[in-house]
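The values are calculated or read from the model by the stated rules, or taken from the named source; none is laboratory data. Since we're looking at a predicted model, the values are computed, not measured. Using ideal geometry, Cβ is built from the backbone for each residue, glycine included, and neighbour counts are taken over all protein chains shown.
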Amino acid sequence: MSALGQPRERFRAAAGRALEDRHTQPALDAATGRLRDARLAAWGLLPDVEELRERGREIKQRTIDDLDRYLDEFSRALEARGGHVHFAATAGEAADTIRDICRRGEARLVAKSKSMASEEIRLNEALERDGLRVVETDLGEYILQLAGEHPAHIIAPAIEKTAVEVAALLGAVDGSELRPELEKLTATARRQLRAVFETADVGVTGANFAVAETGSIVLVTNEGNGRLVSALPRTHVVILGMERLVPTTRDLGVLLRLLARSATGQKLTTYTTVLTGPRRP
């Protein structure tokens, strides 16, 4: 089976079709080229690149070497601030835990921020089997959800989609015809997703980092949807892989400098959200 639970033969067939697609390959080449150039430019502005990378490697190694301790520290810190921590040994157990949370909250609409972990545990399918409506709010993920497709790129999910294709997908939601103009497409997607943010019962996000000493969850986005998904619904569920743990906020600062440059070629992403426990009166 492939990472997303598809038979290998089906994956190979899909990969072959994509490689022969005369539209997809130029789009991927152009987009990945832009990302590569942006990353190189961002790293070029740092005088201490190798030192910073070594510090990041040391932080991750230190966390792995003492993982049990940091998991316990994180759990205690978050629960002391009113949060709840659930451990899941399998993808199915993780999905079932979230299903149970949604049931107990009598949820009908779930808004999701981009989370590769949720893809891995096939969360959308699990929730939809319970009759819930699940909406992706990252723009690229939303476009792919409308198309019934999986992400083609870890950073830019809809990297291969043209404006014409996006216009057709967004227009179908409203039952109207959209012109493939970027400003109109952006405004339409914003309006459609705003209604989801305002009415969702549960928000589901991943986490870029989790700080053991404070119990904080860190979300890094360029669209701001992670902040809305985590703040507006009455329940916020975080899908957190253990590899996201960092010991201290000082360590977090080092890894944030590395993450944005490595991913998108930015000094920092537009939105860096640090959540330390549930909302308090």
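So the values come out like this:
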item	result
Residues that are part of a loop (DSSP other than H, G, I, E, B), at negative phi and out of contact with any helix residue (DSSP H, G or I) (no Cβ under 7 Å at 6 or more places or on another chain), drawn from the range 174-204	Ser176, Glu181, Ala200, Asp201
The range 244-254 - residue that is under 30 Å from Glu93 (Cα atoms) and touching a residue at least 40 places away in the same chain (Cβ under 8 Å) and, of those, nearest to the chain's Cα centre (by Cα)	Leu245
Residues located in the range 150-173, provided they are free of Cβ contacts under 8 Å to residues at least 24 places away in the same chain and either within 18 Å of Ser113 (Cα to Cα) or among the aliphatic types (A, V, I, L, M) (or both)	Ala158, Ala163, Val164, Val166, Ala167, Ala168
For Asp68: the one exception among (1) modelled with pLDDT under 95; (2) farther than 19 Å from Thr269 by Cβ	(1)
Exclusive hit being more than 27 Å from Glu243 (Cα to Cα), acidic (Asp, Glu) and touching a residue at least 40 places away in the same chain (Cβ under 8 Å), set Asp37, Asp29	Asp37
Out of Ala147, Ala111, Ala126, sole residue that is under 22 Å from Leu185 (Cα atoms), over 16 Å from the mean Cα position of the chain (by Cα) and either crowded, with 21+ Cβ neighbours inside 10 Å or without any contact (Cβ under 8 Å) to a residue 60 or more places away in the chain (or both)	Ala147
Qualifying position, being without any contact (Cβ under 8 Å) to a residue 60 or more places away in the chain and either farther than 25 Å from Glu198 by Cα or not small (Gly, Ala, Ser) (or both), among Thr90, Thr63	Thr90
